[in-house]
2 protein chains.
Amino acid sequence: MQNTPITLKFLAEKLKMSVSTVSKALNNYPTINEYTKKRVQEMARDLHFTPNKSAINLKERKSRIIGIILPNLLDYFFTRSIYGVEQFAMKNGYNVIISQSHDELEKEIQLADMLLKSRVDGLIVAISKNTQDFSHLDQFENMGIPVVYYTRNPSFNLSCHKVLGNTFQGCYQATKFLIDRGHKKIAYLGGPKMINFTHDRFNGYINALKDNNVPFQAELVAYTDFDKENTVSAIQNLFNNSENMPTALVAFKEPILFDAIKYLKSINHPKFNEIECIGFGNTPFISYLDSPPIASIEENPESVGENAIKLLLQLINREIEIQDYQKIMVDCQLVVH
Amino acid sequence: MQNTPITLKFLAEKLKMSVSTVSKALNNYPTINEYTKKRVQEMARDLHFTPNKSAINLKERKSRIIGIILPNLLDYFFTRSIYGVEQFAMKNGYNVIISQSHDELEKEIQLADMLLKSRVDGLIVAISKNTQDFSHLDQFENMGIPVVYYTRNPSFNLSCHKVLGNTFQGCYQATKFLIDRGHKKIAYLGGPKMINFTHDRFNGYINALKDNNVPFQAELVAYTDFDKENTVSAIQNLFNNSENMPTALVAFKEPILFDAIKYLKSINHPKFNEIECIGFGNTPFISYLDSPPIASIEENPESVGENAIKLLLQLINREIEIQDYQKIMVDCQLVVH
DNA sequence: AATACCATTTCAAACGTTTGAAATAATTGA
DNA sequence: TCAATTATTTCAAACGTTTGAAATGGTATT
């Protein structure tokens, strides 16, 4: 049980040279003699020397910690996105602190404060569904700490870095797919209006209709949030008019689509078997459904996460100017089941 | 844009006193004059002073980082367990690095090395399904860094700290429930034999049968892993004997149970509607199934996670001796749908 | 008025690195 | 052989805290 970690000083004493020589040898300084370097590096390897991160961080005035705030880890999209972030962060010597806002603004503010105190070097955030005031996030940039908004972001604000799924394109594709299958009455079930992508997706839907000469009908559009009850009432609105019954449905999120399908089935909707559905997510649970959606929109969350961390690291390293606001889009794919 | 963080030195200069007085005032040393304390604390508050963690960690020879290795964040149990860990860790000033082994031993070894280099103060780990050699984890304890195994652990090894779901009790309860509903032929679908809880759950099943005078039949037991194909063939084995057809099924994990249900339905099993199923997990997707399990075993992952971090912090703070190996069990509940 | 005794504050070293400047050693050229 | 040049190593300060020991100032005791 070797309890005291190896330090530069210890190596220096063992090798009978100064701490700075050891440090420079390990960092491959050109002024250090090759033979010396070799001796130092071998000894460091043999003794399993690992530099003390706290010391380095103190010296470099960095924490090498990335903060990430997201609504919920139980959401399949966010969980997958984490993977992309972690992989790349680790590879670059950064650690990631993940924190969940549970889609509550108050909690988000708390977490932001906590992360600011933790002196994170950068922040990746997917805002809560009712974040409209951004002062708790702006304070990061005010202190020179870069922030990247991912997925959920303040759509009206151009002065921030964003990494988004190309949710317009995804929704366009899905709608087009349904049109190509002969549907004329395609309903659209959108999410909370506060969340930016709700509108992007709607625009994808609209544009697909327009480009394919399918008339838009306002009564085929309804909105819900993450609550089952609201979804059910939205679905009731969409399907209560026997004159103008939709034959297909595009929904902003898969678990919500499942709620919709379940409801339609539960009321024994007369044309249930003809209704073709598509939702965002491509969650694996689809395979267990008896009446699965005909297709899913794969959002490539890992890629969104990876792009976010890549951008953030570039900002941290000042490879991109902090005011040179970036917007990165990650395409979706339609996966037919 | 105030770019240089406030330091003790800065406060000291502003207040015209020494750095140590400021430090001690903030840490509420009894030797510091009350009025001085007040002045210092007020100034610290007004200037939003936050102590530099790297400096503190360096001084205290700690990283205040907890490492956590788990198979997969996409697994509902683990995702939920994280919540318990993070909450409690944060409250105590610790940050958590989450890393996924993807149930691969090699990756697990890599992650362990990475976390060791990150100088975590403690480790929480759910081992991969084929971890049998523990040298990569033992090295933590060899260096005085406490390790808590949670959920998945080396069952044969008593010399380690464990926090487990009381999976025996959960399975007992589920089996008992089915017996009480009149079932005599209850099948048990177990998980990978390498994972400890597979056996605990089996024992719960066996004991419930025994205690209720239901004869045990070896042909009603089959094992699978996380692969769908293996699940299907296990199910085929269980249900291929028309003489001795099970009427109920207890499965070690819910998504796998869903695979089983799906298969039975797909082959139009004659008694499908009579078969009553229970699995571990209580995943929310149950509500979307047409033929949902009759009940679920709720494993309380948050509580498991919280117990793990609590124990780990006690070990880190030497409130519990590192060799005083603990075993904590968290009870399950049967949730009838 | 000298001493002892508090209360309070400050000093100074330490944690483990990094790094420009200074020092030393080795080599070259005349 | 000596100065000049170059190669290599070491010094010393810094990053921002913490903390035991030492110093300071004041009050009480004799």
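The values are calculated or read from the model by the stated rules, or taken from the named source; none is laboratory data. As the structure is a prediction and not an experimental result, all values here were calculated from the model. Please note: Cβ atoms are built from the backbone with ideal geometry, for glycine as well, and neighbour counts cover all protein chains shown. We work out accessible area using only protein heavy atoms, side chains counted, and drop any ligands, DNA or RNA first. Shrake-Rupley method; radii C 1.70, N 1.55, O 1.52, S 1.80 Å.
Quick rundown of the values:
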item	result
Solvent-accessible area per residue for the protein assembly as shown (1.4 angstrom probe, square angstrom)	45
Using alpha-carbon coordinates, inclination of helix A:167-180 to the longest axis of chain A, degrees	30
Solvent-accessible area of B:Arg318 with every protein chain in place, 1.4 Å probe, in Å² to the nearest 10	120
Region A:8-51, dipole about Cα centre (Lys/Arg Cβ +1, Asp/Glu Cβ -1), debye to the nearest 20	60
Cβ-Cβ FRET estimate between B:Glu104 and A:Asp324, R0 fixed at 51 Å, reported to 0.05	0.80
Label 7 Å beyond Cα on the Cβ vector: B:Ile322 copy-to-copy distances, nm	4.1
For region B:286-303, residues shielded by at least 10 square angstrom of accessible area compared with the chain on its own, probe 1.4 Å	B:Ser287, B:Tyr288, B:Leu289, B:Asp290
For A:Ala187, residues with placed amide H under 5 Å, excluding near neighbours	A:Thr247, A:Ala248, A:Leu249, A:Val250
Student exercise, region B:167-298 dipole from Lys, Arg, Asp, Glu Cβ charges, in Debye to nearest 20	160
Simple label model, 7 Å out from Cα along Cβ direction - A:Gln132 to B:Ala55, nm	4.1
Whole-Hz couplings from phi, Karplus 6.51/-1.76/1.60, listed for region A:94-106; x for Gly and Pro	9, 9, 10, 9, 9, 9, 10, 8, 6, 6, 10, 4, 4
0 to 90° range, to nearest 10: angle between helix A:34-46 axis and chain A longest Cα axis	60
Per-residue HN-Hα couplings for region B:78-83 [Karplus 6.51, -1.76, 1.60; θ = phi - 60°; Hz; x = Gly/Pro]	5, 4, 5, 5, 3, 4
Stretchable slack from A:Asn241 to A:Asp46, in nm (0.36 nm times residue separation minus alpha-carbon distance)	62.5 nm
Carbon/sulfur fraction of accessible area - chain B, other protein chains in place, 1.4 Å, %	49
Shielded residues, region B:53-86 - accessible-area loss of 40 Å² or more between chain alone and all protein chains, probe 1.4 Å	B:Ser54, B:Leu58, B:Leu73, B:Leu74, B:Thr79, B:Tyr83, B:Glu86
Neighbour net charge for B:Ser296 - beta-carbon separation under 13 angstrom, K R +1, D E -1	-3
Extent along principal axes [Cα atoms of region B:167-298; Å; largest to smallest]	34, 31, 27
Charge sum, other residues only, whose C-beta stays under 10 Å from A:Gln333's C-beta, Lys/Arg counted +1 and Asp/Glu -1	-3
A:Tyr35-B:Val336 pseudo-label distance in nm [points 7 Å out on the Cα-to-Cβ vector]	8.4
Spin-label pair B:Asn203/A:Leu158, simplified geometry with 7 Å Cα→Cβ offset, distance in nm	6.7
Estimated FRET transfer efficiency (A:Asn268, B:Asn213; beta-carbon r; R0 30 Å; 0.05)	0.10
Antiparallel DSSP beta bridges within the protein assembly as shown, as percent of all bridges there, nearest 5	10
Highest-MSF residue in chain B out of B:Asn27, B:Asn95, B:Asn72 [GNM, Cα springs under 10 Å]	B:Asn27
Distances in nm from B:Ser291 to the matching label points in the other copies, shortest first (labels 7 Å along Cα to Cβ)	1.8
Under 5 Å, built H, 5+ apart or other chain: amide partners of A:Val330	A:Leu164, A:Gly165, A:Asn166
Within a Gaussian network of chain B (alpha carbon springs, distance under 10 Å), most fluctuating of B:Lys271, B:Lys38, B:Lys162	B:Lys38
Nearest-first distances (nm) between copies at A:Gln132, label 7 Å from Cα via Cβ	6.1
Order of exposure, largest accessible area first, which applies to A:Tyr263, A:Tyr83 with probe 1.4 Å	A:Tyr83, A:Tyr263
Between B and A, accessible area buried - total, square angstrom, nearest 100, 1.4 angstrom probe	4500
Computed E for B:Ser233/B:Thr4 - FRET, C-beta separation, R0 56 angstrom, nearest 0.05	0.30
